Structure formats: C-alpha cells, structure tokens
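J.: Sharing a structure below in structure tokens format, with a few things to ask.
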Amino acid sequence: MTAELVRGQNHPLSQSRLEIRISAGTPVAAAAALSDENGRIHGTEWVAHPGAPVQPGLEVSRQAAADHRLAVDLDAVTEAVHRVSVLLALPAANGGAGPARFGAVAAPFVAVTGLDGTEVASYTITGLDLESAVVALELYRRQGAWKVRAVGQGYAGGLAELFADQGLSEAAQLAAGIDEAVARGLARSVQAPPPRTSEGDRSRQAAAPAVGPDHGAAPQGAPGPVPPAYGGQPAGGQGQGGPQPAYGGATGPHASAGGGPVDYSHPRRQTSAPPPPPPAAPPAQPGQPTRPVAGDATGWSMEERLYNQVWGMFEDLARTAAAYRSAVDFAESRMDKELEQALSDPRSRIGGQGDAAREAARARYTQLVDQARASLDRDVAQLVAESEVVEPALPPAFARWDNPCWHAYRVPMEIPMALRLGDLRLPEAESIRIPMLLRLPLERGLWIDSGRTDSLDGSFTDSHDMRRLAMDTAVAHAARLLAVYPAGEFTVHVVDPAGSGAQALAPLTQTGVLAGPPAQGAAGVTEVLARLTQRVDLVQMALRGGAPDALPPGFDTSQQLLIVNDFPHGFDDRAVNQLRYLVDEGPSVGVHLMMVADREESAGYGPLLDPLWRALLRLTPVPDDHLADPWVGHAWTYEPPAVPHGSEVLREVLTQVAEARRTWNR
C-alpha cells in the first residue's frame with residue numbers, strides 16, 4: 001500500500017534500491033544532495049545534478065523534463081551521508097522562457113517506488129508560490145534504518161539560496177554550473193509522455209536530438225546521435241563506449257543501424273508510468289448488463305482501484321437517485337399543470353368531462369413515475385451486484401467488521417489510503433449500502449454526537465443509552481484506526497473525567513493499546529491537554545524553522561488521537577481554549593480529536609464553541625440522515641460501523657496491535 005505523505009510526515013523504507021518518480025506540469029531540473037546528520041552539504045561533489053548526474057548511490061537526469069526518474073541505492077552511499085535530499089528547480093529561474101515560480105504551475109508530484117515500480121510513498125507539493133527551487137523530500141537515516149520525509153521547503157532565490165541554506169560555501173558557483181547544464185538541455189526538454197496506445201507497445205520512433213557536450217561523440221557505425229536512455233546516459237552496449245548506468249546493472253536498448261524504434265523504458269523496470277489496466281469484466285450474455293468485477297476502476301494498486309470503485313458506486317447511486325427525484329418532480333408538475341388547464345373552464349369542472357381529465361392526468365403521472373422507478377430499480381440492481389463482488393474483496397481498512405478478512409488480520413506495514421467509518425444509503429435504494437471512506441491521515445476531527453437524535457424508524461433512545469452507544473461507536477472507530485496503522489505509528493489518549501466510559505473503553509484498556517490509563521478529573525484533563533498542545537507547538541516550530549529533526553530525543557512522532565468523553569464535564573475555560581486550539585492546529589501536525597459529546601450540554605458556553613463543532617465531522621451512533629453531499633445535495637443516511645453481536649473480532653485485532661507495539665518498542 002502507498003503512503004500518501006503530507007508536509008513533515010515520514011514513512012519507513014524497507015528497501016535500499018529505489019526509484020524516485022517526479023511529475024510536474026512543466027519541465028523542471030532535478031538534483032539530489034547528500035548531507036550529514038546536521039543537514040550540511042560538504043562540497044559540490046556531494047550533489048548530483050544535470051552537470052554531474054552520477055554520484056555514489058545516485059543518478060539523476062541530464063535534462064529538464066516534466067517527468068523524471070532518479071535512481072537511488074542507499075547501500076552505496078558513504079557512511080558520512082545521513083540524508084539524501086531531492087531537489088527541483090524551474091529552468092525559468094536560470095534564464096528560460098517558462099514559468100518563473102512554482103505558484104504558476106501545477107503542484108509537483110513525487111513518488112518513491114521499488115525497482116518493480118511498486119509505489120512506497122508519494123507526496124504532492126502544495127502551497128508553493130514565489131519559490132523557484134524546492135526541497136521535495138528527503139531520505140534519512142534514523143536508528144540504523146532509512147525513512148522518507150515529505151519536506152516541501154521552497155526558496156524564492158532559486159538553487160543558490162537553497163544550497164546556501166544547507167551550508168554549502170560554493171552555493172553560487174554550483175547553482176551557476178547547474179544553470180549552464182540546464183540551459184544546454186532546454187532545447188530537448190520534454191513534456192509529460194503521452195499515454196501508451198497498448199500494453200504491449202512500449203516503443204516509439206527515435207528522434208534525433210541535438211548533439212551536446214553531455215551526449216559525447218556518436219558511436220562508430222551508428223547512423224547519428226544516440227538518444228539519451230534512462231537517467232540521461234547515452235544508450236549503448238558493450239563495445240560502443242557508452243557509460244553504464246549507476247545502478248541496475250544493465251544498459252538500455254539502442255537504435256538499430258536502420259534507425260528503428262528505441263525502447264525508452266528502464267531495463268530493470270517491470271511497469272511503465274501509466275498504471276496497469278484494471279481486471280477485465282467477463283463477457284455478458286446478449287441483452288444482459290456487464291457482470292461487475294472488483295477493482296475495475298483505475299489506479300496504481302488494487303487498494304486505489306477499490307477506493308475509486310467505491311466512490312464511483314457512490315456517484316452512480318447519487319446520480320440515479322437524483323434522476324429519479326427529478327422525474328417524479330416533473331411528473332407532479334406536469335399533472336398539476338394539466339389539471340389546472342383542464343379545470344380552468346367552469347363548464348368542465350363537474351360532470352364526466354372533468355372526471356375524465358383528472359383520470360387522464362393521474363394516469364400520465366403514474367406512467368412517468370413507473371418509468372422512472374423502473375430505471376432506478378435497474379441501476380440499483382446493477383449496483384447491488386457490484387457491491388456483492390466488491391465487499392468481499394475490500395482490505396481491512398475498507399471492510400466491515402463482519403468481513404472475513406479481519407480473521408486473517410495482520411498488523412500492516414504501511415498506512416492505507418483511507419478508512420471506513422460506516423455506510424451511506426438513500427431512502428429510494430434501501431437495498432444498497434455504500435462504504436463511507438475517509439482519506440488518511442485525517443484532515444479534521446470527529447464528533448460522535450451523544451445527544452438525542454430523532455430515529456428514522458420513530459423509536460426513542462434515552463440519553464443514557466445514547467451516551468453508551470456513542471462511546472461504543474467511538475471505541476470502534478479508534479480500534480479501526482489503530483488496526484490500519486503500522487506498529488508505533490498511531491497513539492490513542494483518552495480523557496474520561498467522570499469515568500463514565502469505563503465499560504465501553506474496556507477493549508482499549510484491557511488490551512493495552514492506549515498510551516496510558518484514561519485521564520480522570522480536572523487534573524487529568526489539564527495534564528493531557530497541556531502535553532498535546534505542547535506537542536503541537538514543538539512540531540510547528542520545527543517545521544517552520546526548517547528543522548524537523550530538531551525535536552527532543554525520544555519524541556513520539558506517531559499520529560495522535562485524543563478521545564474526549566462527557567464534554568464539557570471537567571473542562572474549565574483554559575481547557576476549552578486548549579481543546580479549540582487542538583481542533584484548529586492539531587490535524588496539520590498529526591494530532592486529531594474525537595469528541596463524544598452532546599452539543600446542547602455545552603450551550604452554556606454560548607457561541608464560543610460554534611467553530612469547534614463546525615470544524616469536526618459529525619457522526620452519530622444510530623442511523624441518521626444528516627450527511628449532505630455538495631454534489632447533488634442529497635441527505636444521506638449514515639449508519640455507524642457495528643461489531644457483530646457476541647463477536648470477539650475487535651478484541652482479537654486490538655490484541656495483535658498491542659503485541660506488535662510491544663515488539664516494535666523492544
């Protein structure tokens with residue numbers, strides 16, 4: 001599974017030979033800098049750039065291009081190297097005619113992949129404006145292992161300012177040398193490659209690029225210049241004098257004597273840039289709809305395909321329900337208009353003529369509604385068939401608690417794309433439930449509403465039962481978050497001032513997955529909030545100062561979740577302000593909030609807490625039609641995730657999480 005990083009987030013690397021894939025909306029120059037444990041570059045020989053594309057363990061492209069493939073062998077870098085930083089720069093900053101700042105182009109995308117093309121981590125560099133050079137990400141040593149961190153640090157002064165900031169005394173001279181190398185290659189810089197027409201055709205006709213100093217002389221017997229192969233090195237086999245790639249152990253194919261097609265794919269790469277095609281659906285019988293297949297959406301992995309397929313099902317249901325509602329509204333409007341027109345003449349208001357007009361109008365209304373209902377039923381039946389094949393194929397992060405995949409659960413090594421928080425349905429299609437998937441890491445906190453809710457079936461749930469159900473739902477959400485994160489990457493804290501949630505919290509407390517016992521009383525609330533607000537402050541200062549490693553020894557870098565029960569009991573004004581601070585600033589640095597509260601009970605604070613409630617995603621412990629999509633405006637009924645009655649799956653999963661955490665901490 002791919003880890004989609006945000007600025008400052010890190011992810012472990014399990015392999016040493018990697019490829020870094022860069023995609024941008026305009027040609028950019030790519031470089032890689034080696035630095036010590038303090039982030040200092042010791043000399044120009046520690047930088048791989050278009051003018052010197054090969055350094056120990058590194059190989060970069062000689063060209064400015066919209067797409068890059070950088071080769072990294074972490075085992076080949078020297079012991080003095082503790083960081084490998086990936087750098088991007090706009091050629092316009094070097095005198096080119098293109099854009100002069102990253103704010104004027106699409107956000108660059110950087111991905112770290114294995115040799116087989118499997119994506120390990122990715123990062124979209126957003127928030128850039130006047131910067132013309134940026135440190136995209138860095139690979140760094142930590143306790144004998146390598147990790148990747150999303151950096152996104154930009155410099156308006158270009159590469160000269162970037163190198164100077166990393167302590168290189170020859171920053172201006174190196175930037176000028178890169179300028180010159182990039183200027184030589186601008187005439188042959190390329191845009192993003194067009195999509196391939198077929199999976200089997202990976203070749204294209206050779207172009208004849210201009211011969212430059214970085215190409216070298218044409219080999220003997222060749223009809224013309226040899227186009228650059230992977231990494232910008234001239235393609236050529238043994239005996240042609242072409243240099244070998246820095247890693248991979250093989251050279252790319254070269255043009256034949258007759259100028260035939262050139263294969264531009266990396267010789268050791270199993271897949272090229274476009275994702276592999278989705279599974280093909282089996283042929284349908286004549287007159288029958290196509291049989292659905294799990295994972296038939298686009299994506300780089302099966303997880304991404306299933307994610308896109310689920311939200312495609314959501315869009316299909318929203319669209320077909322909107323069409324049905326629109327048809328019913330049209331039928332009602334048409335019937336009203338026909339009745340008004342037929343009965344506008346006083347002579348036809350009574351007698352058989354008026355009755356016939358009314359019957360005809362109602363018959364046409366019924367016919368239109370029946371046609372719309374038939375179309376809706378046909379679409380819903382197709383979605384039900386798709387759900388029946390998709391639901392069993394979902395990974396644990398996307399699956400219900402009753403899915404058999406939980407019985408084969410193992411603590412994952414990577415963070416999934418998204419998390420299932422329940423199901424969504426519409427009243428017109430009661431037979432289909434769409435998984436509600438929320439992207440990870442969380443971008444906003446959760447509010448489990450323990451207040452009185454008008455049940456859809458007219459039943460009444462008293463306040464005591466609502467609080468119990470709300471806390472059970474919160475525990476189920478927290479358990480799922482713990483289960484889908486790698487060991488040691490997610491930490492849960494609980495504030496339960498009056499101890500009223502002890503029974504619901506038992507699966508968390510008894511398995512030992514919490515960071516500590518639930519905090520009780522005003523003193524416990526104060527201690528937990530102070531510790532988390534201090535964590536937010538420290539991480540923010542480190543990121544703003546460009547020194548994310550300058551955190552105290554032993555600092556817990558995992559994602560943090562605070563569950564607050566029975567708010568506002570045990571909270572004074574200072575604690576309320578700290579809570580609002582965590583809601584506003586916490587998600588950007590990995591601190592998230594889950595409130596289990598009744599909004600009416602905090603009404604005494606007045607409008608002070610209104611921003612807090614608006615900033616949280618409201619969920620309920622009972623089905624409620626309170627979620628509205630901005631696409632077509634439907635009021636979706638949300639159904640919380642339910643652990644099967646009598647099932648021990650939740651405790652079994654948490655037990656494995658706790659054991660993996662103990663092993664990881666040894």
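J.: With all protein chains present, calculate the accessible area of TRP46 using a 1.4 Å probe and round the result to the nearest 10 Å².
T.: The accessible area comes out at roughly 40 Å².
J.: ALA374 to ASP345: FRET efficiency via 1/(1 + (r/R0)^6), r the Cβ-Cβ distance, R0 22 Å, to the nearest 0.05?
T.: According to the calculation, E is roughly 0.05.
J.: Just to confirm my numbers, what's the Cα centroid distance between the stretch 410-443 and the stretch 305-373 in Å?
T.: Result: 34 Å between the Cα centres.
J.: If R0 is 45 Å, what FRET efficiency do you get for ASP572 and ARG291 from their C-beta distance, rounded to 0.05? Show your work: numbers first, answer last.
T.: Numbers: r = 61 Å, r/R0 = 1.35.
It comes to 0.15.
J.: Now a separate question. Return the FRET efficiency for the residue pair ALA76, GLU315: r is the Cβ-Cβ distance, R0 is 51 Å, and the value is rounded to the nearest 0.05. Let's see the in-between values first.
T.: On the way: r = 47 Å, r/R0 = 0.92.
After rounding, the FRET efficiency stands at 0.60.
J.: Also, quick follow-up: Considering the zone a paramagnetic label at SER588 would reach in this model (a point 7 Å from Cα along the Cα-to-Cβ line), which residues of the stretch 140-183 have amide N under 17 Å from it?
T.: Only 150-154 fall inside the zone, counting backbone N under 17 Å.
J.: Shifting gears a bit: What does the stretch 489-564 give for Rg and for Dmax, in Å, if only its C-alpha atoms count?
T.: In Å, with Rg to one decimal and Dmax whole: 14.3, 44.
J.: What accessible surface, in Å², does a 1.4 Å probe find on ASP465, ignoring ligands, DNA and RNA and rounding to the nearest 10?
T.: Its heavy atoms expose roughly 50 Å² to the probe.
J.: With a 1.4 Å probe and all protein chains left in place, how much of the accessible area of the stretch 298-345 comes from carbon and sulfur atoms, in whole percent? Spell out each step's value before the answer.
T.: Values: 1280 of 2500 Å².
Of all accessible area on the stretch 298-345, carbon and sulfur atoms account for 51 percent.
J.: Run through every distinct alpha carbon pair of the stretch 1-137 and return the Kirkwood hydrodynamic radius in angstroms, one decimal place.
T.: 15.3 Å
J.: Still on this structure, please answer the following. Can you tell me the mean projection area, over all orientations, of the convex hull of the stretch 510-666's alpha carbons? Units nm², please.
T.: Details: hull surface 51.6 nm².
With the hull built on Cα positions only, its mean projection is 12.9 nm².
J.: Quick one: pull the percent of accessible area on the stretch 532-629 belonging to carbon and sulfur, 1.4 Å probe, ligands and nucleic acids left out.
T.: Details: 2130 of 4180 Å².
Taking all protein chains in place, the stretch 532-629 shows 51 percent carbon and sulfur surface.
J.: Which residues in the stretch 135-176 place their backbone N less than 17 Å from a point set 7 Å from the Cα of GLU37 along the Cα-to-Cβ direction?
T.: 140-147
J.: Using square roots of five times the C-alpha gyration tensor eigenvalues, list the equivalent-ellipsoid semi-axes of the stretch 124-179 in whole Å, biggest first. Walk me through the intermediate numbers first.
T.: Working: eigenvalues 103, 56, 12 Å².
After scaling each eigenvalue by five and taking roots: 23, 17, 8 Å.
The values are calculated or read from the model by the stated rules, or taken from the named source; none is laboratory data. Everything numeric in this text was worked out from a predicted model, so none of it was measured. Please note: Cβ atoms are built from the backbone with ideal geometry, for glycine as well, and neighbour counts cover all protein chains shown. The area values use the complete protein model at the heavy-atom level, side chains included, leaving out ligands, DNA and RNA. Shrake-Rupley method; radii C 1.70, N 1.55, O 1.52, S 1.80 Å.
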